[in-house]
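Reviewing the structure listed below.
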Amino acid sequence: MNKRVKKTAKRAAKPPVKHGAKPSAGSVGRMGRALASTAAFAAGVARETEGMIRDLASNVASPALDVAAPRATDLLVHQHRTLEKLFERLESSKKGLDATLRELADELSAHIAIEEKLFYPAVRKLKPDLILEGLEEHAMGRFALQRLLGTKASDESLQARLKALKELMTNHHHEEERELFTVVRRAMPNKQLEKLGAAMKRLFDAEMQRGHEAVLATFDDQLNRPVRASSAQRSRPKTSKKPSQRSAAA
Ligand SMILES: [Fe+2]
Ligand SMILES: [Fe+2]
């Protein structure tokens, strides 16, 4: 008889537990501990699921915005969805792009401004690498936006530039929501998020009033200064000799 068959036979030989029989103190303790750990596990799963559902609801759908006291992350997600709708309107527009493009430029510039001036500094320590990446993507977004704004309606590159800006910003929005906002919501209490959101909303309204030309002018993107030139200058070897002395030595 192999081991498994022996074990099964032993178990079957044990007398069945009678109803009403008093369980031993040891088995009550074991059962209690098992029940307690099952309950703790279930509570943990419930908490985790609730958090996931909350994140999903805030990220996927445009959340119903509390206009008086929006949480910072909800305000930004709401603006992402508005921008994406504007991109879709522009892509399907048969008429001129002018009015909608200006609206998109105002919204996008004001959105980037409140992230860089208020939101990113407030959450930087939570995900410093993502903040640096976000700043680079904003700079690329501003460049693509300026390029699009300077394109004539008759230019064959107009749709390509619009598509490039849309893809750039949509990917950026989804990355922010998936990787940054989820962490921020877990780390910052609601009261703090609401206080930050209210300040961001005030600045957003002010930036929308100023318009994209004024807002974009406040960023120091140094678009006219090629990166290659400055790094070439830095990498030039130091020498105490004057150019005339160097040629004489050679
Ligand atoms: Fe952003
Ligand atoms: Fe954003």
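Scanning for something over 15 Å from residue 212 (Cβ atoms), without any contact (Cβ under 8 Å) to a residue 24 or more places away in the chain and part of a helix (DSSP H, G or I), does segment 109-118 turn up at least one residue?
No, the conditions are met nowhere in segment 109-118.
Let me confirm something: among 132, 145, which residue is within 16 Å of ligand 2 (Cβ to nearest atom) and surrounded by fewer than 17 Cβ atoms within 10 Å (Cβ to Cβ)?
132
Return yes or no: is residue 178 modelled with pLDDT of 95 or more, more than 22 Å from the chain's Cα centre (by Cα) and within 30 Å of residue 125 (Cβ to Cβ)? Talk me through it step by step, then tell me what you get.
Numbers: modelled with pLDDT of 95 or more: yes; more than 22 Å from the chain's Cα centre (by Cα): no; within 30 Å of residue 125 (Cβ to Cβ): yes.
No.
Table: residues versus (1) closer than 15 Å to residue 79 by Cβ; (2) more than 16 Å from ligand 1 (Cβ to nearest atom); (3) in a helix (DSSP H, G or I).
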site	(1), (2), (3)
125	no, yes, yes
140	no, no, yes
143	no, no, yes
171	no, no, yes
177	yes, no, yes
192	no, yes, yes
205	yes, yes, yes
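Can you confirm whether segment 155-163 contains a residue that is within 14 Å of ligand 1 (Cβ to nearest atom) and surrounded by 19 or more Cβ atoms within 10 Å (Cβ to Cβ)? Let's see the steps before the verdict.
The first filter runs over segment 155-163 and keeps only residues within 14 Å of ligand 1 (Cβ to nearest atom), leaving none.
Checking segment 155-163: not a single residue is within 14 Å of ligand 1 (Cβ to nearest atom) and surrounded by 19 or more Cβ atoms within 10 Å (Cβ to Cβ).
If you take the residues in segment 170-196 that are basic (Lys, Arg) and loosely packed, with under 13 Cβ neighbours inside 10 Å, which one is nearest to residue 107 (Cα to Cα)?
Once the filter is applied, the top-ranked residue is 178.
Being acidic (Asp, Glu) and either within 15 Å of ligand 2 (Cβ to nearest atom) or in a helix (DSSP H, G or I) (or both) is the requirement here; does residue 156 meet it?
Working: acidic (Asp, Glu): yes; either within 15 Å of ligand 2 (Cβ to nearest atom) or in a helix (DSSP H, G or I) (or both): no.
So residue 156 does not fit the description; no.
Going through segment 95-108 one residue at a time, which ones are outside any loop (DSSP other than H, G, I, E, B) and either at pLDDT below 95 or more than 10 Å from ligand 1 (Cβ to nearest atom) (or both)?
Once the filter is applied, which keeps residues that are outside any loop (DSSP other than H, G, I, E, B) and either at pLDDT below 95 or more than 10 Å from ligand 1 (Cβ to nearest atom) (or both), segment 95-108 yields 98, 99, 100, 101, 102, 103, 104, 105, 106, 107.
Going by what's in this entry, would residue 101 be described as crowded, with 18+ Cβ neighbours inside 10 Å and away from ligand 2 (no atom under 15 Å from the Cβ)?
Values: crowded, with 18+ Cβ neighbours inside 10 Å: yes; away from ligand 2 (no atom under 15 Å from the Cβ): yes.
Criteria met by residue 101.
Kindly check whether there is at least one residue in segment 108-121 that is under 17 Å from the mean Cα position of the chain (by Cα), within 16 Å of ligand 2 (Cβ to nearest atom), surrounded by fewer than 16 Cβ atoms within 10 Å (Cβ to Cβ) and of a type in the set (A, V, I, L, M).
No, the conditions are met nowhere in segment 108-121.
Pairs only if they're at least six apart or on different chains, beta carbon under 8 angstrom, first in segment 169-181 and of a type in the set (A, V, I, L, M, F, W, C), second within 9 Å of ligand 2 (Cβ to nearest atom); list them, first residue then second.
Cβ pairs passing all conditions: 169/83; 180/134; 181/76; 181/77.
Return the only residue of 197, 134, 150 being under 21 Å from residue 221 (Cβ atoms) and within 16 Å of ligand 1 (Cβ to nearest atom).
134
The values are calculated or read from the model by the stated rules, or taken from the named source; none is laboratory data. Please read all numbers here as calculations on a predicted model, not as lab measurements. Please note: Cβ atoms are built from the backbone with ideal geometry, for glycine as well, and neighbour counts cover all protein chains shown.
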